[in-house]
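Values in this text are rule-based calculations from the coordinates and carry no lab data. Predicted, not measured: the structure shown is a model, and the values here were computed from it. Glycine also receives a Cβ, built like all others from the backbone with ideal geometry; neighbour counts cover every protein chain displayed.
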Amino acid sequence: MSAEIESVLHENRVFDPPAAFATQANVRGMDAYRAMVAKAEADYEGYWGDLAREHLDWIKPFTRVLNWDHPPFARWFEDGLLNVAANCLDRHLTTWRKNKAAIVWEGEPGDTRTLTYQELHWETCRFANALKGLGVQTGDRVVIYMPMVPEAAIAMLACARIGATHSVVFGGFSAEALKDRILDAGARVVVTADGGWRRGAVVPLKDFVDEALTHCPDVRHAVVLKRTGHPVSMTDGRDLWWHDVVAGAPSRCEAVAVSPEHPLFILYTSGSTGKPKGVVHSSGGYLLGGIVTMQWVFDLKDTDTFWCTADIGWVTGHTYVVYGALAAGATSVMYEGAPTTPHAGRFWELVEKHKVTTFYTAPTAIRALNKLGDEWPAKYDLSSLRLLGTVGEPINPEAWMWYHKVIGGGTCPIVDTWWQTETGSHLISPLPGATPIKPGSATLAVPGIFADVVNDQGKSLGPDQGGYLVITKPWPSMIRTVHGDPERYKQNYWGHFGGRYYFAGDGARKDKDGYFWIMGRVDDVINVAGHRLGTMEIESALVSHGKVAEAAVVGFPDDIKGEGIFAFVILHRGVTGDDALVKVLRDHVAHEIGAIARPDRIRFTEGLPKTRSGKIMRRLLRDIAAGRDTQGDISTLEDQKTLESLRED
């Protein structure tokens with residue numbers, strides 16, 4: 001790390017919470033927000049302890065809130081006992097919610113299922129008993145490699161019920177990536193399906209499992225859900241059909257009491273090179289973060305139909321499709337397929353069909369859907385929506401405005417949430433009934449989270465000075481360690497500032513109102529003639545031009561300036577990219593930001609290399625811009641053809 005990052009983007013629009021929304025909100029007005037922050041500042045442990053007692057059901061109450069005796073290894077509520085699945089299911093069965101829809105599922109071909117909390121409890125218990133019948137015990141690891149079907153959530157909850165630690169591997173990963181994760185986790189059981197639907201085709205998950213397991217001799221069983229009818233081979237003694245293992249399994253299974261520090265799951269994040277990091281999350285603190293942010297950030301009501309579009313292979317799906325959503329008593333929508341299959345209005349069709357009230361998706365999806373034209377959302381009744389959200393990367397102001405006007409009808413607050421796999425739940429976000437919103441800003445820290453922007457020495461920076469986003473105190477839903485490598489955890493997340501702060505890896509600035517503006521990963525910063533510029537701000541300037549749908553900016557070697565600015569640009573439909581438009585866009589960025597940010601090169605493209613969670617893989621673009629062969633792990637890449645096309649240009 002070196003000098004501070006220069007902030008060059010300026011956004012002055014402000015949207016106050018709609019009065020009708022604010023009067024009914026769970027957190028009403030900035031006075032209520034400030035009171036929560038003040039309470040956390042005055043008695044940090046008491047604040048979180050009160051919330052844990054209020055929002056979690058305890059088998060044995062805790063007496064100690066936080067053990068921070070050996071930082072950065074936090075232990076929250078460590079002398080209590082609970083069970084996560086019981087908090088997600090059993091607690092609702094003594095209330096009217098037992099007959100409430102817990103999961104509303106839509107398959108890509110259009111098949112649907114609805115599971116009430118009572119039905120989800122029965123199915124979870126059956127599969128938990130099936131796992132026990134296969135020899136799975138408390139503390140064992142189970143890998144789940146499935147499409148977005150209810151059984152994926154059932155498998156997660158079943159593991160939690162018996163105290164097994166699950167590791168969900170995203171169904172878009174290759175056999176090689178799956179093998180690495182099975183071996184690192186030390187799993188003995190894999191739960192999968194014959195396949196899943198994606199873009200009208202079958203993803204042959206079981207075939208990938210078979211390939212991976214040729215290198216995983218310790219796996220005793222693979223449980224296979226029949227989803228697509230895709231023909232698969234079944235290895236005698238190892239492979240079992242889901243419907244066979246649950247047949248006759250009792251619909252009651254006692255929830256195992258575990259420590260709040262018991263590992264609920266391991267979730268692997270890909271590094272640019274080398275082996276993936278297994279992020280370990282706890283049971284109690286993780287679940288608390290999910291519940292309170294469902295209540296505060298999503299303003300959850302019992303009448304809401306909540307749709308987080310993320311796959312459960314990512315942390316967003318863990319927290320806001322399954323654990324946080326169900327523990328808070330939500331009706332959670334699950335969708336199996338792609339947002340544009342069988343047509344470009346699929347998301348909006350499902351909003352209308354299921355009367356979705358809260359819609360939570362990634363900025364990259366918003367930009368892609370914007371590119372397809374306003375006529376698609378106009379075909380559908382989106383009036384059920386009352387709250388919109390974004391996740392995964394900073395959203396540029398123009399995409400925010402389109403989302404607000406076209407999808408939200410100009411009336412829905414937008415919660416732009418900043419968090420990570422490692423944080424477990426939202427850390428910076430508007431509270432929609434309280435926070436005045438600025439397009440493109442994640443606004444303020446969630447009450448109880450202490451965030452700052454600092455320089456190389458860890459000194460807090462003033463308004464509009466770009467620096468490093470840090471969290472200065474431990475929080476309940478934080479990562480506990482890297483599986484099998486605690487030293488990597490210490491160095492990766494706490495080593496940058498001598499163990500004082502959790503360093504998120506993101507650059508940011510705070511404006512005069514204390515609002516956080518995320519400037520992208522610090523390794524995406526471009527050093528132009530001694531000026532460190534965040535890529536997100538240049539991308540926002542490009543997308544603010546009416547002909548640009550999406551942009552990705554990277555640096556490339558320049559003999560004079562050190563680094564030049566290379567922009568990959570996707571245009572709106574019907575727009576032709578030529579030399580004249582290159583000049584227009586370069587001048588537009590210079591006008592919006594300044595000459596220092598003018599792109600040196602612009603390449604028009606039909607697509608960008610993205611993960612299935614929607615994040616642009618900028619390190620691949622850096623290789624292409626520099627004329628190098630692409631390096632590192634590409635197992636998370638959604639479409640190899642996009643990368644091949646960029647290489648050929």
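What the table below lists for this structure:
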item	result
Taking TRP122, TRP242, TRP418 and counting other C-beta atoms within 10 Å, the order from fewest to most	TRP122, TRP242, TRP418
Residues whose placed amide H lies under 5 Å from that of LEU66, excluding near-sequence neighbours	PHE77
For segment 191-235 versus segment 323-359, the gap between their alpha-carbon centres in whole angstrom	26
Förster radius 25 Å - calculated FRET efficiency between GLU487 and ASP218, Cβ distance, rounded to 0.05	0.50
Over the chain, relative contact order from alpha-carbon pairs under 8 Å, at least 6 apart, %	15
Per-residue Cβ neighbour rank within 10 angstrom, fewest leading, HIS281, HIS343, HIS215, HIS70	HIS70, HIS343, HIS215, HIS281
Residue among PRO342, VAL554, TRP242 farthest towards the positive dipole end of the chain, charges placed on Cβ	TRP242
R0 of 45 Å, Cβ-Cβ distance ALA201-THR95: FRET efficiency to nearest 0.05	0.60
Between 0 and 90°, nearest 10: helix 44-55 axis offset from the chain longest Cα axis	50
Whole-angstrom gap from segment 368-424 to segment 454-501, using each part's C-alpha centre	30
Amide hydrogen neighbours beyond the local backbone of MET519, cut-off 5 Å, H modeled	GLY507, ALA508, ARG509
Shape category assigned to segment 365-406 from the gyration tensor of Cα positions, a/c cut at 1.5	oblate
Calculated from backbone phi, Karplus (6.51, -1.76, 1.60) coupling profile of segment 479-495 in Hz, x at Gly/Pro	3, 8, 5, 9, 3, x, 8, x, 5, 5, 4, 4, 6, 5, 10, 10, x
Segment 172-254: C-alpha gyration tensor shape, a/c 1.5 cut-off, then a/b vs b/c	oblate
Partnerless Cys - the chain, beta-carbon criterion under 4.7 Å	CYS88, CYS159, CYS216, CYS308, CYS412
Rounded to whole Hz, the Karplus (6.51, -1.76, 1.60) HN-Hα couplings of segment 222-237, x for glycine and proline	10, 9, 10, 7, 8, 10, 9, x, 4, x, 9, 9, 10, 7, 4, x
Cα-centre dipole for the chain with unit charges at Cβ (Lys and Arg positive, Asp and Glu negative), debye to 20	820
Cβ-Cβ FRET estimate between ASP600 and GLU211, R0 fixed at 51 Å, reported to 0.05	0.75
Among 500-513, 376-389, the order from most to least packed when residues are scored by Cβ within 10 Å on average	500-513, 376-389
Across LYS39/LYS510; LYS301/LYS490; LYS206/LYS277, pairs whose alpha-carbon gap is larger than 31 Å	LYS301/LYS490
Percent of beta bridges antiparallel (DSSP, the chain, rounded to nearest 5)	60
Label point distance in nm, THR303-VAL575, each placed 7 Å from Cα along Cα→Cβ	4.0
Average projected area [Cα convex hull, the chain], square nanometres	26.8
Cβ-based exposure ranking for THR138, THR214, THR390, in which fewest neighbours within 10 Å come first	THR214, THR138, THR390
³J(HN,Hα) computed for each position of segment 500-512 - Karplus, 6.51 cos²θ - 1.76 cosθ + 1.60, integer Hz, glycine/proline x	6, 10, 7, 9, 7, x, 9, x, 7, 9, 10, 8, 5
